[in-house]
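Here the structure comes first, spelled out in structure tokens, and everything after it is commentary.
The values are calculated or read from the model by the stated rules, or taken from the named source; none is laboratory data. In this text, all values refer to a predicted model and were calculated from it rather than measured experimentally. Positions of Cβ are generated from backbone atoms using ideal geometry, with glycine treated the same way; all protein chains shown enter the neighbour counts. Ligands, DNA and RNA are excluded from the accessible area calculation, which covers all protein heavy atoms including side chains. Shrake-Rupley method; radii C 1.70, N 1.55, O 1.52, S 1.80 Å.
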Amino acid sequence: MATNERGEKQVIGIIGGGVSGLLACKYCISKGFDPIVFESESSIGGVWSKTIGSTKLQTPKPLYQFSDFPWPDSVAEVFPDQQTVLDYIESYAHHFDLIRHIHFNTKVLSLSYEDGGGAGEWNLWSDPFNNKGKWNVTVQDAPTLSTRVYQVDFVVVCVGRFSQVPNIPEFPPNKGPEAFEGKVIHSMDYSNMDSKTAADFVRGKHVAVVGFQKSGMDIAMECSAVNGVERPCTVVIRTPHWNLPDYFPWGFPLVKLYLNRFSELMVHKPGEGLLLSLLATALSPLRWAFSKFVESYIKHKNRLTKYGMVPEHSFLKDLSSCTIAIVPEDFYDRVEEGSIKLIKKAETFGFSKEGIVFEGQAEPIKSDLVILATGFKGIDKLKHIFESPKYREFIAGSVDSAVPLYRECIHPRIPQVAIIGFSESIANLYTSEIRCRWLAELLDGKFKLPSIKVMEKDIEEWNKYKKRYSHRNYNRISSIAALHVWHNDQLCKDMGWNPKRKKGLWAELFEPYGPMDYAGPI
């Protein structure tokens, strides 16, 4: 059992009751720790509890499941809808009796570190509890607004990237939303409405949606269903992406092109060594051919040339950046019929009385309602949890780097904290699961971390990879999508697991890796 020097269970504070928070809770319990999950909402599920009702899973169901709790047979859809996914997550939490560890309607206001009598500087991660320090977690109870401070031995931050702090673009002087006679909201505000309220809100309005990622497309679909061709929904696309119509380009499974070891041999990897580096260079023509193969299918199915929406960057760059979405069914049929209009414009824009205006364009996009599907400021949300300006600066990193996390989990210079679920992959659930298992083994003393210098060197190698393979709007994205097997190999080796999870060389090279491959040590 995990105890402190007084024989008491070590307390792990977990911020967030989404998928990552539930996984962290489950694996901490398995090692004998006492987890407390702080959830600001009245229910679990994270983004799945606050998303657009028509939204569906973005990855095929087999890639988005818990390794020890598969989808029930009753769920036949390959891409289940929002409520089905939420039901699945809730079933997992009840099955493993996690709910009793969750404090609902409890918002974390700040984290402050109380040194345990050391030198005041964190310089050793050989033992996660080595410093004997404590974290003070200040929380606010939603119904009463009263505050309370919990003291914990370790903190796992699972706040995610896609909630709470909307990314509102900067506008030219005197051309912000205040110049517009209509209404401007963020997609977050729309997502918080129930289906009927949302439909009533957009009904009879000329709606313009800014943004062409998943939320932008889903909102446009809902608006077109309500208003039809009489009041088409205008989608303003600042950066076209290779959004997928399905996972079978020209009938070939996409997972066999990009989710196996062979596909990763074509990519230069952090810490790869000379042989793998030469191999990645030699295979670069094949890497280019894979991208062109997928791009040709997307262009054909989505009619991108017809609408002037062909991206300037490669499919691999979108995949590496996790900036790909599944196009809603019949989306381009709605474009064809005229209930959705696609307009490609420059990244900067402003407002006039009548709607959205772009530099050098006299006529505005006339609108009654503008919905900004412009994403979230995930880094801002993450860093402001910390009370210490020094820790905030550590989290922010440099202007041209992602959040600097070793194994996408640990900041080398912030003691007794892990950050899970912030770095993305193609299938975030199972990526979070193996990271939570890795963290539980670390907390249980099954392995030790290297020195801060070694960890920071590894982080820099990963940062170089991210910048190399992300498209021009890199924007400090934390994504390991094109190297998820390589990343998981590192976690397995740390835990003493065999990273080779398949039977036979052919399967090891060409079969896709998924959650069930990491169900336990082998």
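Miscellaneous remarks
- Residues located in the range 321-363, provided they are at pLDDT 90 or above and in a helix (DSSP H, G or I): 331, 332, 333, 334, 335, 336, 337
- Any pair with Cβ under 8 angstrom, 6 or more apart, that starts in the range 189-216 at a residue that is at positive phi and ends at one that is charged (D, E, K, R): 204/231; 211/238
- The set of residues from the range 411-458 being out of contact with any Phe, Trp or Tyr (no Cβ under 7 Å at 6 or more places or on another chain), over 16 Å from residue 518 (Cβ atoms), modelled with pLDDT of 95 or more and surrounded by 21 or more Cβ atoms within 10 Å (Cβ to Cβ) comprises 417, 418, 419, 442.
- Lone qualifier among 229, 209 - being surrounded by fewer than 15 Cβ atoms within 10 Å (Cβ to Cβ) and either in contact with a strand residue (DSSP E or B) (Cβ under 6 Å, 6 or more places away or on another chain) or β-branched (Val, Ile, Thr) (or both): 229
- Within the range 369-379, the set of residues being open to solvent by 20 Å² or more (accessible area, probe 1.4 Å) and outside any helix (DSSP H, G or I) comprises 375, 376, 377.
- Close pairs from the range 261-280: first within 19 Å of residue 407 (Cβ to Cβ) and among the charged types (D, E, K, R), partner open to solvent by 40 Å² or more (accessible area, probe 1.4 Å) and modelled with pLDDT of 95 or more, Cβ under 7 Å, at least 6 apart: 264/486; 269/276; 269/486
- Residues being in a strand (DSSP E or B) and modelled with pLDDT under 95 - total across the range 237-249: 1
- Matching residues, the range 41-55, being in contact with a helix residue (DSSP H, G or I) (Cβ under 7 Å, 6 or more places away or on another chain) and within 24 Å of residue 259 (Cβ to Cβ): 46, 48, 55
- Any hit, the range 349-367, residues being within 18 Å of residue 170 (Cβ to Cβ) and within 26 Å of the chain's Cα centre (by Cα): no
- Every residue from the range 275-317 that is under 16 Å from residue 342 (Cβ atoms) and of a type in the set (D, E, K, R): 299, 301, 303, 306
- Of all the residues in the range 265-279, those that are among the charged types (D, E, K, R) and open to solvent by less than 10 Å² (accessible area, probe 1.4 Å) number 0.
- In the range 178-230, the residue that is farthest from residue 340 (Cα to Cα) out of those that are of a type in the set (Gly, Ala, Ser) and outside any helix (DSSP H, G or I) is 182.
- Output for the range 392-408, where each listed residue is at pLDDT 90 or above and in contact with a Ser or Thr (Cβ under 8 Å, 6 or more places away or on another chain): 405, 408
- Residue in the range 434-446 that is under 16 Å from residue 493 (Cβ atoms), touching a strand residue (DSSP E or B) at 6+ places or on another chain (Cβ under 6 Å) and not aromatic (Phe, Trp, Tyr) present: yes
Conditions tested, residue by residue: (1) under 24 Å from residue 266 (Cα atoms); (2) over 25 Å from the mean Cα position of the chain (by Cα); (3) of a type in the set (Ser, Thr, Tyr).
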site: 296; (1), (2), (3): yes, yes, yes
site: 301; (1), (2), (3): no, yes, no
site: 307; (1), (2), (3): no, yes, yes
site: 315; (1), (2), (3): yes, no, no
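- In the range 380-405, the residues that are open to solvent by 50 Å² or more (accessible area, probe 1.4 Å) and either not basic (Lys, Arg) or not in a helix (DSSP H, G or I) (or both): 380, 384, 387, 389, 393, 394, 398, 399, 400
- Checking the stated criteria, residue 408 turns out to be assigned to a loop (DSSP other than H, G, I, E, B), touching a Lys or Arg at 6+ places or on another chain (Cβ under 7 Å) and not hydrophobic (A, V, I, L, M, F, W, C).
- Scanning the range 74-103 for residues that are assigned to a loop (DSSP other than H, G, I, E, B), surrounded by fewer than 16 Cβ atoms within 10 Å (Cβ to Cβ) and under 22 Å from the mean Cα position of the chain (by Cα) returns a single hit, 78.
- Take the conditions (1) out of contact with any strand residue (DSSP E or B) (no Cβ under 8 Å at 6 or more places or on another chain); (2) open to solvent by less than 40 Å² (accessible area, probe 1.4 Å); residue 262 misses just one of them, which is (2).
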